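Single-structure report; data block below.
Just so it is clear, none of the values below were taken in a lab; they were calculated from the coordinates. Here the structure is a predicted model, which is why all the values come from computation and not from measurement. In this analysis, Cβ positions are derived from the backbone assuming ideal geometry, glycine residues included, and neighbour counts consider all displayed protein chains.
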Amino acid sequence: MRAWPVEGTDAGGSRASIRGRGGAAAALATPLRIAALGGGTGLPRVLAGLSSASAARPLDVTAIVTTCDDGGSSGELRRRYGMPSPGDIRNCLVALSPAPGPLADLFQHRFPGEGGLAGHTVGNVVITALAQRLGDFGAAIRAAGELLGVRGRVLPATDRLAGLVATLDDGRVVHGESAIAAARGRVGRLQLDAPVPAPQAALDALREADLVVFGPGSLYSSVVATLLCDGVADALAASRAVRVLVVNLFTQPGETAGYAASDHVRAIEHHVGLVVDAALVQARPPPAALVRSYAAQGSHPVAVDREELRELGVEVVEAELFGAGETARHDPSRLAAALLGMVGAE
């Protein structure tokens, strides 16, 4: 197995010391640096859990967020103004803002009806306006974060305009995040339509992190999409963090149909190399009613193939992660507790 690439791992590569990093008083006073990558609805759940977690150490959280969404409000603003997509950024800013917060709620307001603003969210429009006034997408995100009083940092995977291109297993080449989702085909390879750099702050956050979290969320359009910018693969390879994939609870129709947990790991490592140390998975089978509901949509529980994961050198960590309700989403508090427990900071 791959040894935990963390400070304190013994010469024999044992993982037993992973939870011991917070033992000394000096270590307890040092912030635990966490870099979380992704987008969609999954990454905000990680961030919301971490922002409200009671941890043994202060938390220094950096979200690195995909900006390739080309649908809905984000897509329209992207096409009209030639800027990266703000929607996933907005959701992550809100997740890291103090709750309850009236301004954060306002950021999520979506204009109804018809007309120029119909379908847009206030937050997307504000980020777009800030980008125009400041002349810099990254500066706009920082300014929006200051408005919301976020606890942590939100960084774009790239502050340049870039789109996704997928080569499917059936040979089709599909351009654009929305078209890839609509194609409902297995993705063999994902790439950007042009080389773009990751912000230096994002690369530094990955290299300096104690914990790197991938997902949960759409495997390709949310997770892998954040890894494709220049410099990210090297930064992940150089990182001494515990690098954890939060495995999705259910498959995504078409795109990851039939994928087990090990297939999610392989997809990431096919694109950026051996960068996953552990897989955080749901401990128990989901409720039967939920399984039936999702099966009707062509989505099924992700099988946890423990031996396959271990053969890949990936540690399997099991926890109860389901949230309440009738949707298969991770509970933010449980997710944060499990992640922090992996580095002894719960």
Screening Asp159, Asp136, Asp193 for residues that are of a type in the set (D, E, K, R), within 16 Å of Thr67 (Cα to Cα), crowded, with 16+ Cβ neighbours inside 10 Å and touching a residue at least 12 places away in the same chain (Cβ under 8 Å) leaves only Asp159
Inside the stretch 179-208, the number of residues satisfying the requirement of being out of contact with any helix residue (DSSP H, G or I) (no Cβ under 7 Å at 6 or more places or on another chain) and more than 11 Å from Glu255 (Cα to Cα) is 15
Restricting the stretch 79-93 to residues that are part of a helix (DSSP H, G or I), over 28 Å from Leu50 (Cβ atoms) and not hydroxyl-bearing (Ser, Thr, Tyr), the one farthest from the chain's Cα centre (by Cα) turns out to be Arg80
Determine if the stretch 76-84 includes at least one residue that is in contact (Cβ under 8 Å) with a residue 40 or more places away in the chain, charged (D, E, K, R) and out of contact with any strand residue (DSSP E or B) (no Cβ under 7 Å at 6 or more places or on another chain). yes
Subset of the stretch 203-258, residues touching a Ser or Thr at 6+ places or on another chain (Cβ under 9 Å), assigned to a loop (DSSP other than H, G, I, E, B), farther than 18 Å from Ala36 by Cβ and not hydrophobic (A, V, I, L, M, F, W, C), comes to Thr251, Gln252, Pro253, Glu255, Thr256, Gly258
On the given criteria, is Gly119 surrounded by fewer than 17 Cβ atoms within 10 Å (Cβ to Cβ) and touching a Ser or Thr at 6+ places or on another chain (Cβ under 8 Å)? yes
Within the stretch 259-273, residues farther than 22 Å from Thr158 by Cα and either in contact (Cβ under 8 Å) with a residue 40 or more places away in the chain or in contact with a Phe, Trp or Tyr (Cβ under 7 Å, 6 or more places away or on another chain) (or both) come out as Tyr259, Ala260, Ala261, Ser262, His264, Val265, Arg266
